[in-house]
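Beneath this line is the structure, given in structure tokens, with notes to follow.
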Amino acid sequence: MNKKVLSNLITTIFFLIFLCIGSLIFNDYLVTPDEPLHRINGFISLKYIFELFIPDSLLLSELGNIPDLNNDWRKTYGVLFDLPLSSIEILFNLNIQDAFLLRHFLTFLIFFISTIFFFYLLKIHLKTNNFLSLLGVLILISTPRIFSNSFYNGKDILFLSLIIIATFYSLNLLKNFNKKNLFLACLFCAFASNIRIMGIYLPVLTYIFYVFLPDDQKFKNNINFFLYFFLGYFLILYITWPFLWLNPLENFFLILKESASYPIHWDFEILYLGNYLNPENLPWHYFFVWFLSTTPIIFVFIIFFGILIFLKKYFNFFLKITFDKNLKLWKTSDQMTSLFIFLCFFIPIFFVITLNSTLYNGWRHLYFVYPFLIYLAIYGLNVLSDIFNNNFKNFFITLVVIQIISNIYFIFKTHPVQNVYFNFISKPYIENNLPVDYWGLGNKKTIDFLLSQQINFSVANSSFTPLNNLKYSLKPEFSYSKNITFLGTQEKNKNTSDFIFTNYYYNRNPKNMEKFKIPENYKSYYKLIIDGIIVNEVFAK
Amino acid sequence: MKSFILKSAIIFFFCLLLFRFTIVSLVNEYENKINSHISSSHIEQIKKEFFQSIKENNEKDNILDPEDAELLSIFIKKILNELNIR
């Protein structure tokens, strides 16, 4: 067997193993607080479509309790994922548990497909070998928070996945203009923008790069390219987004406006470095603190190294640019690719910081820049042997492999609560500085423990986490309301409950909030500690 | 055209940075201060302190100084008289 065939075989086996693992464990994850909201979002658009096209359908009576699209706070949410899922739920008459399981499986499946694209992004556009491309994919999927989110985060991970695919085709389009690449670039840019409108920066960046392409590499003039590309992009966006159908321009600008701000009715504060802040007024370092705290330290190191190498190389070229008619922003096609990828992560972070965009629950809204950072890390590793010698490159790769193994061990050990990962430098400072389990994934583990001790009990809640989401994930032998009674956060229920639960995640400073207080006659009964961090705790009389 | 786009982008980049680290930072700081004063958690604290203070005063024999008591008594009587309420 020659080397190339063996290498391709290893790659195929790797992806098959990843698919098998994901397919086996996707049902271990709890239904997170956002998922029921997105499920309803799908139904809202489905109801809207039926009202528009089949107003006398029987289905409309079934959807009677669903809010109207134009009156709902979710009207500007994309429906690319939610609408097909709600249609499947209706079509196949799925029960609610199966609907959420399907949502988890499809979220993982799309992420899995995007990792294949990421592999080819590295292999084709960065021109690395299979080993370095696989290393890039491994960095992505072994990052504990990304791995965990890939099963239930139908917004940020989906956006990350579609941005990877859209970037792949946008680069293809810049290097080889043909109808297929044009269509696929438009399609995936529109799909990504449907999930998060922020995705619009990708077609804009692609167009700017096209303008700067040398004339001999252009197949269309700038105006024609603009018309073809943006017509295709907006047409697909329009078709896939029912909210745009009746009033495209006004609603598109409403989507843009609402995407940068924070829904006024949410009215909560987030814990950041010991203080409870309004998510609209975050300090500039919010993203950096979260990113540096929750990304494995070797990955952070090689990412910075890759960015430094790129900047050094590029600025050497940039400083010699002459601002005349023949202005060139890059020397070679490879340099163009690296610059494109650099800007793909730099532009969103730059605008999020300068425009003071709303962020909360860590850096999940910016997960989509992570593949670009990994790309630059692999770029750094790839050119290391040019700058130093091969031993230096091998040393770095060994460090990365050790970090990947350590991550896989963490993922295995903490399953399915990998979302509480903090690297070893930040871990000692997390308590009372950053929220830990904002998705509430550890809730299930703790309630399962209580069920193993007692068959029937009531549990009150002293934190901002919806315990009743557990009803979608209880084992068949237990039932919500028969075995467990969730009493919520009301103070009057505290003294009558068997247990009081808290995962230390609050929407207000808990210091003065009675609803978050644990009565003095309740003592600690069980603590879920993961990797030295208290994730949640149960108190009993 | 290319030169214009690039120069505009560079100027725009620095203007936004300047705006973020001067005006926006200042506005954020003051908004956070205001928010922390009007937040429900802070109001809860004020309410708690207020009732605690009433509780402590209820336990005392005299709540007011004799001078303050006289002053308030005259004031309340005058107000009641003017409002013609028995």
Which entries in A:Lys127/A:Lys220; A:Lys427/B:Lys7; A:Lys444/A:Lys541; A:Lys393/A:Lys413 show an alpha-carbon gap greater than 32 Å?
A:Lys427/B:Lys7
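Hey, with R₀ at 60 Å, roughly what FRET efficiency would A:His415 and A:Lys220 work out to, going by the Cβ-Cβ distance, to 0.05?
Values: r = 50 Å, r/R0 = 0.84.
Rounded to the nearest 0.05, the efficiency is 0.75.
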Relative contact order (percent, whole number), segment A:419-490, Cα cutoff 8 Å, 6+ residue spacing:
33
Going by C-beta contacts inside 10 Å, put A:Ser86, A:Ser426 in order with the fewest on the left.
A:Ser426, A:Ser86
Where labels lie 7 Å past Cα in the beta-carbon direction, separation of A:Asp28 and B:Val27 in nm
4.6
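Run lengths n ≥ 4 of DSSP H only: what is the helix-derived mean residue ellipticity at 222 nm for chain A, with -39500 (n - 2.57) per run over all residues, to the nearest 500?
-18000 deg cm²/dmol
Report, in listed order, any pair from A:Lys155/A:Lys328; A:Lys180/A:Lys328; A:Lys179/A:Lys331; A:Lys312/B:Lys2; A:Lys155/A:Lys175 with a Cα-Cα distance greater than 32 Å. Write out the running numbers ahead of the final one.
Values: A:Lys155/A:Lys328 37 Å; A:Lys180/A:Lys328 27 Å; A:Lys179/A:Lys331 26 Å; A:Lys312/B:Lys2 23 Å; A:Lys155/A:Lys175 30 Å.
Cα-Cα > 32 Å for A:Lys155/A:Lys328; rest within.
Expressed in nm to one decimal, what extension gain is obtained for the pair A:Leu6 and A:Trp73 from 0.36 nm per residue of sequence separation less their Cα-Cα distance? Before the final figure, lay out each step's value.
Details: separation 67, 0.36 × 67 = 24.12 nm, distance 5.30 nm.
That works out to 18.8 nm of additional length.
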Contact order normalised by residue count of chain A, Cα under 8 Å, 6+ apart, percent:
16
Around A:Leu441, what is the net charge, scoring Lys/Arg as +1 and Asp/Glu as -1 over all other residues with Cβ under 13 Å from its Cβ?
-2
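Select from chain B the helices, each a whole stretch of DSSP H, whose alpha-carbon atoms run 18 Å or more along the helix axis and whose Kyte-Doolittle mean is at least 0.0; answer none if there are none. Walk me through the numbers on the way to the answer.
Details: long enough: B:2-19 (25 Å, 2.09); B:25-38 (20 Å, -0.75); B:40-58 (27 Å, -1.19); B:66-83 (25 Å, 0.31).
Once both thresholds are applied, what remains is B:2-19, B:66-83.
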Taking amide H positions as placed in the peptide plane 1.01 Å from N, state which residues far from A:Tyr526 in sequence (5 or more) or on other chains have amide H under 5 Å from it.
A:Val538
Take the cross-link list A:Lys511/B:Lys60; A:Lys527/B:Lys47; A:Lys517/B:Lys55; A:Lys123/A:Lys325 and give me the ones stretching past 24 Å between alpha-carbons.
A:Lys511/B:Lys60; A:Lys527/B:Lys47; A:Lys123/A:Lys325
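How far, in nm, would the chain grow between A:Leu355 and A:Ile405 when pulled straight, counting 0.36 nm per residue and subtracting the alpha carbon separation?
Computed gain between A:Leu355 and A:Ile405 is 14.2 nm.
Once R0 is set to 51 Å, what does the formula 1/(1 + (r/R0)^6) return for the Cβ-Cβ distance between A:Glu62 and A:Lys492, expressed as a FRET efficiency to the nearest 0.05? Present the calculation step by step, with values, prior to reporting the outcome.
Numbers: r = 36 Å, r/R0 = 0.71.
The pair A:Glu62/A:Lys492 has a calculated efficiency of 0.90.
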For the protein assembly as shown, average projected area of the Cα convex hull in nm²
40.1
Which order do A:Trp439, A:Trp73 fall in if you start with the one that has the fewest other Cβ atoms within 10 Å?
A:Trp73, A:Trp439
Between A:Ser452 and A:Leu102, what FRET efficiency comes out of the Förster formula 1/(1 + (r/R0)^6) with R0 = 35 Å and r the beta carbon distance, rounded to 0.05?
0.80
On a full-extension model of 0.36 nm per residue, what is the gain between A:Phe183 and A:Leu273, subtracting their alpha-carbon distance, rounded to one decimal in nm?
27.9 nm
Only counting other Cβ atoms within 10 Å, I'd like A:Thr32, B:Thr22 sorted with the fewest neighbours first.
B:Thr22, A:Thr32
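What dipole magnitude, in Debye to the nearest 20, does chain B give about its Cα centre under +1 on Lys/Arg Cβ and -1 on Asp/Glu Cβ?
So the dipole magnitude of chain B works out to roughly 900 debye.
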So for chain A, taking the charge dipole from beta-carbon charges (+1 Lys/Arg, -1 Asp/Glu), which of A:Asn178, A:Leu52, A:Gly380 sits furthest toward the positive end?
A:Gly380
Area projected by the alpha carbon convex hull of segment A:272-398, averaged over all directions, nm²
9.7
For segment A:140-189, what's the radius of gyration and Dmax over Cα atoms, in angstrom?
13.4, 39
Along Cα→Cβ, 7 Å out, is where each label goes; now give me the distance between the ones at B:Ile10 and A:Leu19 in nm to one decimal.
4.9
Relative compactness, segment A:448-530, computed as alpha-carbon Rg over 2.2 N^0.38 Å
1.09
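Would you mind computing the Rg to Rh ratio of segment A:347-489 from its alpha-carbon coordinates, Kirkwood style for Rh?
Numbers: Rg = 21.5 Å, Rh = 19.3 Å.
Rg/Rh: 1.11.
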Zone reached by a paramagnetic label modelled 7 Å from B:Glu59 Cα along Cα→Cβ, restricted to segment A:511-541 with backbone N below 18 Å, covers none
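Laboratory data are not the source of any read-out in this text; all were calculated from the coordinates shown. Quick caveat: nothing in here was measured; it's all calculated off a predicted structure. Here Cβ is always computed from backbone atoms with ideal geometry, including for glycine, and neighbour counts include all displayed protein chains.
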